[in-house]
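Scroll down for the structure; my scribbles are underneath it.
The values are calculated or read from the model by the stated rules, or taken from the named source; none is laboratory data. Everything numeric in this text was worked out from a predicted model, so none of it was measured. Cβ sites come from the backbone with ideal geometry, for glycine too, and all protein chains shown count toward neighbours.
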Amino acid sequence: MAKIFCVANQKGGVGKTTTAVNLSAGLAAQKQRVLLVDLDPQGNASMGSGIDKQHLQASVYQVLVGLADVRATRQRSDSGGYDVLPANRELAGSEVELVDLEQRERRLKQALAEVDAEYDFVLIDCPPSLSLLTLNGLCAAHGVIVPMQCEYFALEGLSDLVNTIKQVHANLNLDLKIIGLLRVMFDPRVTLQQQVSDQLLSHFGDKVFSTIIPRNVRLAEAPSYGMPGVNFDPAARGSKAYMEFGAEMIERIKVM
Ligand code: ATP
Ligand code: MG
């Protein structure tokens, strides 16, 4: 049975996609079978995995509205060593179409059931919103990975996400929990970041992953080559950190 995780934070630009792509690659490099689901109309996770979002036969959109299945839609990321359920702008329209479909929050969960036995991990890259798309991700998942930058407003945004997760847990998905908060784009020289990191640890304790992802330009450069940073420059500090995060996740699921 695959363990399914959402990478979610309704704040934009906090490192969700970078985390989803590089954790996928880090897990694949550690012999895990991984499916990365791109649930964002921006299609950044698809592009960052080397999949051309402009020329898709089918995308996660067709899967959600019931016009295609996962097996026919997924593609191999050769650069990353994992499978991708790709997305592009077409997905933006699905919000409206899904509203009229039955089980509208559970469409992704139902679609993923078909390939459950084929993967160890399914990672879902969520869009920066608490929309019906994100809801589909949260309904399908066993847990949520929350990437965050250690900045002043980070904690404020967190309470909205925590409330949403609590509601989904209570009403739609009893399995769902926060697996952990991941400190990303971290720069230890910035005193404020160190302080916010300490606050996170005292508020959330072991819900904070021990791996810290540093700010590292190689991670930002990699997507333009259609490669995860982990494969683009394995020696870079950011790549090593995501490998370490992969190892931490492999340990975490042993006790889930
Ligand atoms: P969105 O909300 O738009 O989906 P996101 O949360 O998925 O954004 P990313 O796209 O992963 O965020 O990252 C935002 C920007 O920060 C990108 O340009 C990315 O390359 C850069 N970035 C992410 N993580 C790091 C890092 N550890 N070091 C340096 N740059 C990073
Ligand atoms: Mg993103």
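Checking the conditions here, which among G48, G13 is within 23 Å of M185 (Cβ to Cβ), surrounded by fewer than 19 Cβ atoms within 10 Å (Cβ to Cβ) and within 16 Å of ligand 2 (Cβ to nearest atom)? Break it down stepwise before answering.
Working: G48 fails: surrounded by fewer than 19 Cβ atoms within 10 Å (Cβ to Cβ).
Within the list G48, G13, the selection yields G13.
Take I213 and tell me if it is crowded, with 17+ Cβ neighbours inside 10 Å and away from ligand 1 (no atom under 14 Å from the Cβ).
Numbers: crowded, with 17+ Cβ neighbours inside 10 Å: yes; away from ligand 1 (no atom under 14 Å from the Cβ): no.
So I213 fails the test.
Search segment 234-256 for residues being of a type in the set (V, I, T) and out of contact with any strand residue (DSSP E or B) (no Cβ under 7 Å at 6 or more places or on another chain), and hand back the single one that is farthest from ligand 1 (Cβ to nearest atom).
Quick first cut of segment 234-256, residues of a type in the set (V, I, T) only: 250, 253, 255.
Keeping just the survivors that are out of contact with any strand residue (DSSP E or B) (no Cβ under 7 Å at 6 or more places or on another chain) gives 250, 255.
Values: I250: 21, V255: 27 Å.
Top of the filtered list is V255.
Please name all residue pairs, on different chains or six or more residues apart, with Cβ atoms under 9 Å, provided the first residue is in segment 28-55 and is among the basic types (K, R) and away from ligand 1 (no atom under 16 Å from the Cβ) and the second residue is assigned to a loop (DSSP other than H, G, I, E, B) and modelled with pLDDT of 95 or more.
Cβ pairs passing all conditions: K31/D120; R33/A2; R33/Y119; R33/D120.
Can you tell which of L112, L36, L27 is among the hydrophobic types (A, V, I, L, M, F, W, C) and either in a loop (DSSP other than H, G, I, E, B) or within 13 Å of ligand 2 (Cβ to nearest atom) (or both)? Explain how you work it out, then say what you get.
Details: L112 fails: either in a loop (DSSP other than H, G, I, E, B) or within 13 Å of ligand 2 (Cβ to nearest atom) (or both); L27 fails: either in a loop (DSSP other than H, G, I, E, B) or within 13 Å of ligand 2 (Cβ to nearest atom) (or both).
Unique residue meeting the criteria: L36.
Quick one: how many residues across segment 148-179 are in contact with an Asp or Glu (Cβ under 8 Å, 6 or more places away or on another chain) and surrounded by 19 or more Cβ atoms within 10 Å (Cβ to Cβ)?
0
Test each condition in (1) of a type outside the set (F, W, Y); (2) under 13 Å from the mean Cα position of the chain (by Cα); (3) on the phi > 0 side of the Ramachandran plot for G50 and report the one that comes out false.
(2)
Which one of the conditions (1) under 30 Å from D69 (Cα atoms); (2) surrounded by 15 or more Cβ atoms within 10 Å (Cβ to Cβ); (3) touching a Leu at 6+ places or on another chain (Cβ under 9 Å); (4) modelled with pLDDT of 95 or more does R183 fail to meet, given that it meets all the rest?
With (1) under 30 Å from D69 (Cα atoms); (2) surrounded by 15 or more Cβ atoms within 10 Å (Cβ to Cβ); (3) touching a Leu at 6+ places or on another chain (Cβ under 9 Å); (4) modelled with pLDDT of 95 or more applied to R183, the lone miss is (1).
Residues are listed down the side, and each one gets a yes or a no for (1) part of a helix (DSSP H, G or I); (2) hydroxyl-bearing (S, T, Y):
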| position | (1), (2) |
| --- | --- |
| Q195 | yes, no |
| D198 | yes, no |
| S202 | yes, yes |
| F209 | no, no |
| I213 | no, no |
| A222 | yes, no |
| N231 | yes, no |
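Residues R71, R89, R76, R107: which one is of a type in the set (D, E, K, R) and without any contact (Cβ under 8 Å) to a residue 40 or more places away in the chain?
Working: R71 fails: without any contact (Cβ under 8 Å) to a residue 40 or more places away in the chain; R89 fails: without any contact (Cβ under 8 Å) to a residue 40 or more places away in the chain; R107 fails: without any contact (Cβ under 8 Å) to a residue 40 or more places away in the chain.
Step by step, each of R71, R89, R76, R107 is checked, and only R76 is of a type in the set (D, E, K, R) and without any contact (Cβ under 8 Å) to a residue 40 or more places away in the chain.
For segment 4-18, name all the residues that are more than 8 Å from ligand 1 (Cβ to nearest atom) and in a loop (DSSP other than H, G, I, E, B).
A8, Q10
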